[in-house]
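K.L.:
Please read through the structure below; I'll follow up with questions.
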Amino acid sequence: QVQLVESGGGLVQAGVSLRLSCAASGRTFSNCAMGWFRQAPGKEREFVAGISGSGTTTYYTDSVKGRFTISRDNSKNTVYLQMNSLKPEDTAVYFCAATRAFSSVSGPYTYWGQGTQVTVSS
């Protein structure tokens with residue numbers, strides 16, 4: 001079974017940066033697309049960013065384009081979300097997710113981490 005462990009969340013002021021990390025189990029990590037999702041209080045979970053198994057294809061929701069960067073290091077079985085110029089509206093629980101092997105970055109996402117809290121104050 002694939003396990004995802006997230007880290008890097010915290011309490012920050014608007015305008016600063018955070019980097020989230022997601023460590024994944026399994027030797028087929030490079031064959032799985034990875035994604036980050038977030039859920040703010042009282043709102044539905046939304047897609048934030050996704051990356052293909054090779055790292056050559058990425059997608060972002062409009063609200064984070066130009067500010068967030070998803071990347072992966074397949075030698076370390078780890079995916080990252082670099083978040084710059086954070087805004088209060090970025091406050092949410094951020095979840096790491098993975099597809100099954102050879103699935104598209106569009107999903108479906110089958111495996112999920114426990115989530116890490118990101119809080120941005122004004």
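The values are calculated or read from the model by the stated rules, or taken from the named source; none is laboratory data. Because the structure is a prediction, the values reported are computed rather than measured. Every residue, glycine as well, gets a Cβ built from its backbone with ideal geometry; the counts of neighbours run over all protein chains shown. With ligands, DNA and RNA removed, areas are computed over all heavy atoms of the protein, side chains included. Shrake-Rupley method; radii C 1.70, N 1.55, O 1.52, S 1.80 Å.
K.L.:
So, in region 71-99, exactly how many residues are of a type outside the set (Phe, Trp, Tyr), within 11 Å of the chain's Cα centre (by Cα) and buried (at least 22 other Cβ atoms within 10 Å of the Cβ)?
P.N.:
The total comes to 7.
K.L.:
What pairs come up if the first residue lies in region 78-91 and is free of Cβ contacts under 8 Å to residues at least 60 places away in the same chain, the second is in a loop (DSSP other than H, G, I, E, B), and their beta carbons are under 7 Å apart, counting only those six or more places apart or on different chains?
P.N.:
Thr91/Ala40
K.L.:
Identify, by number, the condition in (1) under 11 Å from Ala33 (Cα atoms); (2) open to solvent by 50 Å² or more (accessible area, probe 1.4 Å) that Ser103 doesn't meet.
P.N.:
Unmet condition: (2).
K.L.:
Okay, next question. Six or more apart or on different chains, Cβ under 8 Å: which pairs go from a residue in region 40-64 that's free of Cβ contacts under 8 Å to residues at least 60 places away in the same chain and among the small types (Gly, Ala, Ser) to one that's assigned to a loop (DSSP other than H, G, I, E, B) and open to solvent by 70 Å² or more (accessible area, probe 1.4 Å)? Could you list them?
P.N.:
Listed by first residue and then by second, the contacts come to Gly50/Ser106.
K.L.:
Kindly provide the set of residues from region 5-35 that are of a type in the set (Ser, Thr, Tyr), assigned to a loop (DSSP other than H, G, I, E, B) and at pLDDT below 95, ordered by number.
P.N.:
Ser25, Thr28
K.L.:
How many of the residues making up region 28-74 are of a type in the set (A, V, I, L, M) and more than 21 Å from Ser17 (Cβ to Cβ)?
P.N.:
So the answer is 1.
K.L.:
Something else now. For region 37-56, which positions are under 12 Å from Arg72 (Cα atoms), out of contact with any helix residue (DSSP H, G or I) (no Cβ under 8 Å at 6 or more places or on another chain) and surrounded by 13 or more Cβ atoms within 10 Å (Cβ to Cβ)?
P.N.:
Once the filter is applied, which keeps residues that are under 12 Å from Arg72 (Cα atoms), out of contact with any helix residue (DSSP H, G or I) (no Cβ under 8 Å at 6 or more places or on another chain) and surrounded by 13 or more Cβ atoms within 10 Å (Cβ to Cβ), region 37-56 yields Gly50, Ile51, Ser52, Gly55.
K.L.:
For region 61-70, which positions are open to solvent by less than 50 Å² (accessible area, probe 1.4 Å), out of contact with any helix residue (DSSP H, G or I) (no Cβ under 9 Å at 6 or more places or on another chain) and not in a loop (DSSP other than H, G, I, E, B)?
P.N.:
Ile70 - this is the single residue of region 61-70 that is open to solvent by less than 50 Å² (accessible area, probe 1.4 Å), out of contact with any helix residue (DSSP H, G or I) (no Cβ under 9 Å at 6 or more places or on another chain) and not in a loop (DSSP other than H, G, I, E, B).
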